[in-house]
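Enquirer: So that we are looking at the same thing, I have put the structure below in structure tokens.
The values are calculated or read from the model by the stated rules, or taken from the named source; none is laboratory data. These figures come from a predicted structure and were not determined experimentally. Because the Cβ atoms are built from the backbone with ideal geometry, glycine has one as well, and the counts that use them run over all protein chains shown. Only protein heavy atoms, including side chains, enter the accessible area calculation; ligands, DNA and RNA are left aside. Shrake-Rupley method; radii C 1.70, N 1.55, O 1.52, S 1.80 Å.
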Amino acid sequence: MTVTKITLFDIPTTLPVPTSPNTWKVRIALNFKGLHYTTRWVETADIETVCRQLGIPPTSTSPSGAPKYTLPALIDETRSTVKLSDSTPIIAYLESTYPDPDPRRALYPADTRALQALFEAHVAQRITARLIPVMVMHMYDKKTPRDRVDFRRRMEAAFGKPLEDIELKGNAREEAWRELEGAFDELAVYKEKSGGVYFTGGQFSVADLTLVGIILAMRYDSPDEAWPKLQEWNKGEWKRYMDAFEEYLLVR
Ligand SMILES: N[C@@H](CCC(=O)N[C@@H](CS)C(=O)NCC(=O)O)C(=O)O
């Protein structure tokens, strides 16, 4: 393990593991690179205060025009102090600061950045956006009591209805699951073209980590619905895919 002084900021849950797709992306990258780090757990309700206090930059702008702060964030105090937010730039930083001597183990090769960004946008549109209507109550359940209040308030404001009514039921729910299965079918067809276990062949990349983060959220937030379905789709393809990441899922 490389001696580094890195803090990863992640969101706690009531489980022994986090469920945030974007923080998982960075955690897997740190574990894969063998960099020493510790986790600072910050409830969603405190993200803005903690980031402002520590000088961690916002990741976007809210509709009101105010800066928006999200996790993951990372502070690296190994050489000088570097403060970062946003999963993909964090991985790009880790890649350039702590490159693997073997270039085939690069997680974010510079010449693939456009394609990887395109993949991230595709997954966000086809999968992530479709998960809330079938997972919102599962997500709610796994949040800390304080974050449940915050989550309910934000979701109800965004959807204009009670949290319980955001979750689809009956036929509409089945149809939403069929659409999600179709999105994974499509990904399986593309993945076969890589000729390897991962979307980038024999070595996973940021693109794979984006999808893995989403699948981990499905597995941990919804272990009795999303995860059993996913394991069956495409003849067990996604179960085998996830097995390949098992050694990088340590939470420290
Ligand atoms: N583009 C950001 C998105 C991060 C993001 O949306 N994080 C969520 C957790 S997965 C978050 O911090 N949510 C808290 C909030 O919206 O207040 C990234 O890739 O890191």
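Enquirer: Under 5 Å between amide hydrogens, which residues at least 5 positions from Thr4 or on another chain qualify, with H placed 1.01 Å from N in the peptide plane?
Expert: His36
Enquirer: Share of the chain's accessible area from carbon and sulfur, percent, 1.4 Å? Walk me through the numbers on the way to the answer.
Expert: Details: 6630 of 12130 Å².
C and S fraction of accessible area: 55 percent.
Enquirer: At 25 °C and 0.890 mPa s, what whole-number value in µm²/s does Stokes-Einstein give for the translational diffusion of segment 2-105, with Rh from the Kirkwood sum over Cα pairs? It would help to have the intermediate numbers written out before the result.
Expert: Values: Rh = 14.3 Å.
In µm²/s, the coefficient rounds to 172.
Enquirer: Let me know the charge dipole size of the chain about its Cα centre in debye, to the nearest 20, where only the beta-carbon of Lys, Arg (+1) and Asp, Glu (-1) is charged.
Expert: 500
Enquirer: Full extension from Val50 to Arg152: what is 0.36 nm times the residue separation minus their Cα-Cα distance, to one decimal in nm?
Expert: Net length gain for the segment: 34.6 nm.
Enquirer: Further question: So what is the accessible area of the chain per residue, in Å², with the probe set to 1.4 Å? Mind showing how you got there, number by number?
Expert: Working: 12130 Å² over 252 residues.
Normalised by residue count, the accessible surface of the chain is 48 Å².
Enquirer: Got a sec to turn the phi values of segment 89-94 into Karplus ³J(HN,Hα) couplings, 6.51 cos²θ - 1.76 cosθ + 1.60 with θ = phi - 60°, whole Hz, x for Gly and Pro?
Expert: x, 5, 5, 4, 5, 4
Enquirer: Taking the Cα atoms of segment 110-248, what is the range of coordinates along each of the three principal axes, in descending order and whole Å?
Expert: 45, 33, 27
Enquirer: Over all Cα pairs of the chain, how is the pair count split among 5 Å bins, expressed in % and running from 0 up to the last occupied bin?
Expert: All Cα pairs considered, the percentages come to 1, 6, 12, 17, 19, 18, 14, 9, 4, 1, 0, 0.
Enquirer: Report Ser194's accessible area, 1.4 Å probe, all protein chains in place, as a number in Å² to the nearest 10.
Expert: Result for Ser194: roughly 40 Å² accessible.
Enquirer: Nearest 20 debye, what's the magnitude of the dipole of segment 2-105 about its Cα centre given +1 on Lys and Arg Cβ and -1 on Asp and Glu Cβ?
Expert: 140
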